[in-house]
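FYI, it's all coordinate maths here, none of it is from the lab. On a predicted model such as this, the values are computed, not experimentally measured, just so you know. Ideal geometry is used to build each Cβ from the backbone, glycine not excepted, and the neighbour counts take in all protein chains shown.
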Amino acid sequence: MSNDLYHEQIIERAKRSDNNIRLENPDCSATVSNPLCGDRITVELKMEGDVIKAISGPVKGCVLCKASASILAEIAVGMKCDELKSMASDLGQALKSQADNNESFPKAYRMFYPVKKHKSRHSCVMLPLEGALKAISECKGHSGDK
Amino acid sequence: MSNDLYHEQIIERAKRSDNNIRLENPDCSATVSNPLCGDRITVELKMEGDVIKAISGPVKGCVLCKASASILAEIAVGMKCDELKSMASDLGQALKSQADNNESFPKAYRMFYPVKKHKSRHSCVMLPLEGALKAISECKGHSGDK
Amino acid sequence: MAFDPGLAAVDFTILRSQAREEELHYLDNAAMALIPDCVINAMVEHDTLRRSNVKRGSHRLAEEATEAFEKARAAVADYLGVSDPDEVVFTGGATAGINILAHSLGLMFERNDEVLISQLEHHSNIIPWQVIQQRQGIKVRYLPVTPDGRINLERAEDMIKSRTRIVSVTHGSNVTGAITDARTLSGLVHDRGAFLILDGAQTAPGGPMDLPALGADFYVFSGHKVYGPTGVGILWGRKEILKNMPPALGGGEMIQDVGLEKSTFLDPPHRFEAGTPPVTQAIGLAAAVKWLAAKDVKGMRGHLRRLTLRIMEGLTQLSGGIKILGPETGMERIPLVSFCVEGLHPHDICQVMNDRHGVALRGGFHCAQPLHDFLKIDGTTRASLAIYNNDNDVDALLNGMEDCMKILG
Amino acid sequence: MAFDPGLAAVDFTILRSQAREEELHYLDNAAMALIPDCVINAMVEHDTLRRSNVKRGSHRLAEEATEAFEKARAAVADYLGVSDPDEVVFTGGATAGINILAHSLGLMFERNDEVLISQLEHHSNIIPWQVIQQRQGIKVRYLPVTPDGRINLERAEDMIKSRTRIVSVTHGSNVTGAITDARTLSGLVHDRGAFLILDGAQTAPGGPMDLPALGADFYVFSGHKVYGPTGVGILWGRKEILKNMPPALGGGEMIQDVGLEKSTFLDPPHRFEAGTPPVTQAIGLAAAVKWLAAKDVKGMRGHLRRLTLRIMEGLTQLSGGIKILGPETGMERIPLVSFCVEGLHPHDICQVMNDRHGVALRGGFHCAQPLHDFLKIDGTTRASLAIYNNDNDVDALLNGMEDCMKILG
Ligand SMILES: Cc1ncc(COP(=O)(O)O)c(C=O)c1O
Ligand SMILES: Cc1ncc(COP(=O)(O)O)c(C=O)c1O
């Protein structure tokens, strides 16, 4: 059953996610959307130097996008910007790779292995990470350090 | 052999035609061309009232066009404008008709029966007649009578 | 005798059991209909026997290809109920047709001229006009939509002004299913001296028609939605208007004379067919409309009306709050149903319906974002029907939706 | 071992003896090449198994169709020697490609900007620029042609001015057969900050290439001349330029966000693919270039060079005054030969060659009227070769021409 695109773990994760908590006075935020799906997600961050201290924001999206956002909310806190960046890049690579196992996926995202075969849905999984990276880049833009 | 598009009678007729005699002081003239082929023909007329007195003009065209022009030069003299017009219309109809004999063709043009099957070449046969009709309409335009 | 969709289904390899392993309830026909074997065969036959360029007959293949191509034009004219095949222009699709119109008619616009479209247009009938607006300072205005998803024709009378040159609207909405009353609208449009363009992408599949009776000046549609091939479409226009319209796209086979400074052009339809046309696809399209016209079209229409009604009633009965867009049950609509389910994303619905029930649906904005903005909804799920669909497909849809709402809800 | 055209000919139903009763020496390949069975089969397979609209995967068929379509894009990129498939835009043909460029780049032109083309262009690379000229007051200028039918690149240096935005020329002439030295020209063009467009309609059939090495910014070609289907073509462009180019044709599948006043667009290639693309034909085109690439392309080129030479030498030896256009024997040319026979009309030649000898030629202006005006000739007869042509075809041509001149002369 876990080769189904929408397997239980993902659906449960998506249902559990509460995506409407807003941060007060976030340091930065970004909204990204996927015109093909109509997914739209706003990521708000609180930073301490290079480290993510809090993350939240409303998600309007499909099950994959919600589950992915929920995982991110759980694991991003405490991460450095670079770590997040390389995790996003690993996930992107893993989705595109030819390997027929889930080992190249970042651990927290292994449940998304069945998405691999569905190219048109890769962006649903990636969107929350893209939002976070975009928020970070706004942050850096504002604070002036590169 | 006479079901060949280019049968001997047509080729001979085209070869015999001398298409470079020009009329002195024609009453009217018109140039028509067929952009698909590059055929171009100028028809010059001398009129007496409604009757064609002389016809000539340069033909740059294919065998079908030349043969058709040569026939026209032979039979047009003495014709009334309306007669020419209805002959042109008859020929056009005959080329388009479904009949499998040449009886609907104006007598002088029966040699063009095999062209019927070749829609793209109908215009080669029609071009000299169209030139003559255009010349006539110019004539009338100038003399003012309708 | 009742209409038997099975008599159409057998014409499609993809619908015969051997072709695919898993069940297929194809309800995505408004995006693209399946293609019957005889249409494929007509194209294969052309490509293997008469393959050649057209419009000039310098050898036998070219002559045969040209004749087949022009016969295809005549077959489409027949299907549309139009007496002059020269009013039928082959294009790449409905989108290409509207772009040709926007760019060609655009050459005749003056600053501050207006084009009136509607809020329920497909993007293909919005963006081309916005491009002309940006380039030439004309104004694009929008007829509003009624709450039940129809173009509000009551507003047409005062929105069509003396500066309105074009009214361009969908003949049948790919989202709400509403059908535009073209006769009434064309009267209003012509009273003001404007032209009426109908986007027929969703109405052309309905069977042979009497296009002149609609009163429109132009009508476009796509081959792939009328059981024909991709890569081809039709632009129909009234001869008198086409004759005075400059071409915006140029190339071979549409010119009279080419000079270094200026060129002159052939009469329609060739003037608007720049370059080598989609020859094989035109022949396929002709085969498709002939195939459709030979079916029991009246029976098909009744059958599809009945299935549409079953879907609407069945969805309404599901608990969980399904909202159906468009005209109410019983009102005229094309055979499609778009709906929203409170709290569920259309893509999730489509995925579960596909994976667990073999039902092919489409979810999202259906290329009609302004309509969704107006209705304040984030996307819809759409089931759209074609001649081969049957009660089984509707059962699969309704049962599937029940399951879907349980799983995702 | 010598290249055996028979190994290609067997791939074509139309060339296998059973298919047509009469002999066929098809020498009209520059207008349209024949299509091999495997290309037809690839399209039939797609239409019967994966028929669906693309760019959105809401169900299995749609996902499979989208994947096949994007794989086709990658196959074309491979054929062109381009590393990024997103630089490959599917169009309706070469003509559609140039029109897209003219209209899109046209949106970026200012009054008095210049576009430089040449006197040997195909109409498809003349009319689109004349349309923009008329609409926007830009200036179209013409590079002259040398007596042996090449674009005179020596004049390029002073004709490309600071106001020149675009240089758009044929890569291989469909009349003279001359090949344009793109590398040299691209240097001159880029020195002046302009863009170079190559019309590759006649060079694309030459086999897999290294497009980036030519230095051009854009390259267009048609499917039907590379053994692919009608109704599809390719526009290749450098990513950086495509990214900054506004779309001139609008519709579905190319938008980011549609507002009532203004819309934003997707990145290339989708930005330039408005509406449902020619899905099945794109897949056919990919099959065609893969088929061609798998042949002994080097052998084919040598073989076609040899046949071209035989035609040139054979025609020269016929008494009656045949004048061959284009580069002299031995100089590089694409495998076609256009010629004039003193006193004979090209259509008469084509008709007799078809009726009496089964040779398919093309006669007329070949959509290049300005070239014919420049050379002061009323039309030419053209024999053009493809991978399946053999010495038999050349014999038929040469013997036929001898007969033809006897009959008509
Ligand atoms: C109402 C409507 N108009 C236009 C189109 C565009 O058709 P195509 O994408 O075939 O050009 C569609 C198809 O999606 C449609 O539904
Ligand atoms: C040099 C050249 N350019 C452009 C074209 C136009 O190609 P198409 O008619 O397929 O658009 C042709 C084909 O005739 C050609 O030979």
Over chain A, what is the relative contact order in whole percent, taking alpha-carbon pairs under 8 Å and six or more residues apart?
29
Using just the Cα positions, wrap region D:302-393 in a convex hull and report its mean projected area in square nanometres, one decimal place.
6.2
Quick note on D:W129, C:W291, ordering by fewest other C-beta atoms within 10 Å, gives C:W291, D:W129
In region D:228-301, the trypsin sites (Lys or Arg not before Pro) that sit in a DSSP loop and have at most 10 other Cβ atoms within 10 Å of their own Cβ are D:K262
For D:S186, C:S384, ascending order of other Cβ atoms within 10 Å (fewest first) is D:S186, C:S384
Given only helices, namely DSSP H runs of n ≥ 4 each adding -39500 (n - 2.57), what is the per-residue ellipticity at 222 nm of chain B, to the nearest 500 deg cm²/dmol?
-13500 deg cm²/dmol
Filter the cross-link list A:K53/A:K134; A:K60/A:K96; C:K225/C:K298 down to pairs whose alpha-carbon distance in this structure exceeds 21 Å.
A:K60/A:K96
In Å³ per residue, the alpha-carbon convex hull of region D:64-105 encloses 85
I need A:T31, C:T180, D:T329 ordered by Cβ neighbour count within 10 Å, fewest first.
D:T329, A:T31, C:T180
Once whole DSSP H runs in chain D are found, which of them have Cα atoms spread over 15 Å or more along the helix axis and a mean Kyte-Doolittle score of at least -0.5?
D:37-49, D:60-80, D:94-106, D:279-293, D:297-317, D:391-408
What distance in nm separates the two pseudo spin-label positions at A:N25 and D:I377, each 7 Å out from Cα along the beta-carbon direction?
8.3
Any chance you could check the Cα centroid distance between region C:154-187 and region D:295-344 for me, in angstrom?
59
Calculate the dipole size of region C:40-293 relative to its Cα centre from +1 charges on Lys and Arg beta carbons and -1 charges on Asp and Glu beta carbons; express the result in debye to the nearest 20.
400
Percentage relative contact order, region D:253-302, counting C-alpha pairs under 8 Å, at least six apart
27
Any idea what the A:Q98 label distances to the other copies are, label 7 Å down the Cα→Cβ vector, nm, shortest first?
6.0
Taking the label point as lying 7 angstrom from Cα along the Cα-to-Cβ axis, what are the distances from C:G343 to the corresponding position in the remaining copies, in ascending order and in nanometres?
9.3
Go ahead and estimate [θ] at 222 nm for chain D from helices alone: -39,500 (n - 2.57) per DSSP H run with n ≥ 4, summed, over the residue count, rounded to 500.
-11500 deg cm²/dmol
Taking a ≥ b ≥ c as the square roots of the Cα gyration tensor eigenvalues, with a/c under 1.5 meaning rounded and otherwise prolate when a/b beats b/c, else oblate, which class fits region D:246-330?
prolate
So if I take the alpha carbon set of region B:8-137, get Rg, then get Rh from the Kirkwood formula, what is the Rg over Rh ratio?
0.94
Below 13 angstrom from the Cβ of C:F109, what's the summed charge of the other residues (Lys, Arg +1; Asp, Glu -1)?
+3
Positive-pole candidate from D:P36, C:I407, C:H366, dipole of the protein assembly as shown, charges at beta carbon:
C:H366
Environment charge at D:M209 (Cβ cut-off 12 Å; Lys +1, Arg +1, Asp -1, Glu -1):
-1
What is the sum of charges, Lys and Arg at +1 and Asp and Glu at -1, for the other residues whose Cβ falls under 10 Å from the Cβ of D:K239?
-3
With a bin width of 20 angstrom, please list the P(r) values of the protein assembly as shown as percents of all Cα-Cα pairs, from the 0 bin to the one holding the largest distance.
12, 39, 35, 11, 2, 0
Over chain C, how many percent of alpha carbon pairs lie in each 10 Å bin up to the one with the longest distance?
5, 22, 30, 25, 14, 4, 0
Exceeding the 29 Å Cα-Cα cut-off - candidates C:K262/D:K55; A:K85/D:K262; D:K55/D:K239; A:K116/D:K295; A:K15/D:K71
C:K262/D:K55; A:K85/D:K262; A:K116/D:K295; A:K15/D:K71
Amide N proximity, region D:165-200 versus D:V297 label position 7 Å along Cα-to-Cβ, cut-off under 16 Å
D:200
Distance from a point 7 Å along Cα→Cβ of C:S162 to each backbone N in region C:170-200: keep the residues under 19 Å and list them by number.
C:188-195
Within the protein assembly as shown, the percent of DSSP beta bridges that are antiparallel, given to the nearest 5, stands at 65
Relative contact order of chain C (C-alpha contacts under 8 Å, at least 6 apart) in percent is 23
Taking B:E48 in one copy and the same position in all the others, each labelled 7 Å out along Cα→Cβ, what are the pairwise distances from the first, in nm, shortest first?
11.7
Not counting the cut sites, what is the longest span of chain D without GluC sites (Glu not before Pro) that DSSP labels loop and that have at most 16 other Cβ atoms within 10 Å?
D:111-260
Please turn the phi angles of region D:83-92 into ³J(HN,Hα) values with the Karplus equation 6.51 cos²θ - 1.76 cosθ + 1.60 (θ = phi - 60°), one per residue in order, whole Hz, x for glycine and proline.
7, 10, x, 5, 8, 9, 9, 7, 10, x
Size of the dipole of region B:8-137 about the Cα centre, Lys and Arg at +1 and Asp and Glu at -1 on the beta carbon, nothing else charged, in debye to 20?
460
